[in-house]
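Since the structure comes first, as structure tokens, the remarks are kept for the end.
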Amino acid sequence: MGAKYSINQNSHSQNNKKFRTVSQNLRLSTNIKSIKRHSPTPPMSPPGTNSVQSDASLVSATNSFNYIDNTQKGETDRNHVKHFGLKVLFEGNVLKSISDKLDFTSSELRVLDVGCGSGTWLLDMATEYPNVQFTGIDQISSIPQDIRPSNIDFSVQDVLCGLSFEDNSFDFVQMRLFSMTFDRAYWVQALAEVYRVLKPGGYIQLLEPRYDDTGDEFVRDYSTKVVSILNANDQDPNICENLTPLLEKNGYTPVEFVEKIVNLKTHPLRNEFLYIIRLTLDSCKPYVVKICGLTTDEQYLEFQEEYMEHLVKSSESVWTACAGMKPLN
């Protein structure tokens, strides 16, 4: 037997070893009820809120795919690669319907990044648009404190608990990659709070990945189990299709919807997005091992390698961005 799996497993020294067919000796199975969130505890609990003694206790404490610790080794790297991959994929940090309407040379423009994490989007935008005032919020502070552009402010806040900003404060709000953090009720709550702080005529930009993978049987089997867990926790696995309806139901006027597809075998960005997927698996490792019935690091690495191999042969990485405007009256 190999060593028990550990949260900060970051060694890929076995990446080049000969693949063993995990599907022949490991049955992908999960007890959905054992991963279901049983309490209405807000999902973005910061590290340290619960005492984490082991991977198993982490799974037990969080009970859902709603806790990815941005302080884990490799997370900053993953976030940076994801940011610049998405920037190239969507041909910029801001959708055209927004960039065509807002003056990013104006010193009067105010931009809010909800859930800014390590601040990669903020830092990139603030460097590109030095006259604009940018504000980032998150539940924990992982954005650089000493080395950052002077046009960035940061504060520890939670959009689900109400923001400290006055009504009608921002011209543009960015909120992306919340689909594994928010359940359906939290989406409504967050969009309402963003609506409050957004100026009339201001814009919100959302961006999320698709979860229902249409790859081969191995890939679909894993994807189906992830979707089942999301549904069990009232999280929306079809969030990409529902972003525009969500905006409409919460008072916004949808102005743009863009879907981008990265074929993981042929697309020029395939290596970047495969790297993102690999690091994402590592970030979600406690949940992956529970879903797949894995008990050792060796089994986890075998599953990861076979899964990546099947993705390259059969799958795509699909991303959706949409923009909405707060009506003028």
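Once backbone amide H atoms are built at 1.01 Å from N, Arg110 has Asp171, Phe172 as its partners under 5 Å, excluding neighbours fewer than 5 places away on the same chain. Between Ile140 and Val88, the modelled label-to-label distance comes to 2.9 nm, taking each label 7 Å out from Cα in the direction of the beta carbon.
In nm, what is the difference between 0.36 nm times the number of residues separating Val312 and Lys249 and their Cα-Cα distance? Intermediate values should be presented prior to the final figure.
Numbers: separation 63, 0.36 × 63 = 22.68 nm, distance 3.76 nm.
That works out to 18.9 nm of additional length.
Counted residue by residue at 0.36 nm each, then reduced by the alpha carbon distance between them, the extension gain from Asn168 to Asp124 reaches 13.4 nm. As a rough guide to protection, the peptides 89-95, 136-142 ranked by mean Cβ packing within 10 Å, highest first, stand as 136-142, 89-95. Just how far, in whole angstrom, is the stretch 163-205 from the stretch 248-286 if you go by their alpha carbon centroids? Cα centres, the stretch 248-286 to the stretch 163-205: 21 Å.
A Förster radius of 22 Å combined with the Cβ-Cβ distance from Lys101 to Asp153 puts the calculated FRET efficiency at roughly 0.40.
Remark: for residue pairs Lys87/Lys290; Lys260/Lys290; Lys96/Lys285; Lys199/Lys249; Lys249/Lys313; Lys290/Lys313, the C-alpha separation exceeds 29 Å in Lys87/Lys290; Lys260/Lys290; Lys96/Lys285; Lys249/Lys313.
Computed from the coordinates by the stated procedures, all read-outs in this text should not be read as laboratory data. Small disclaimer: the values here were computed from a predicted structure and weren't measured. Note that we place each Cβ from the backbone using ideal geometry, even for glycine, and neighbour counts take in every protein chain shown.
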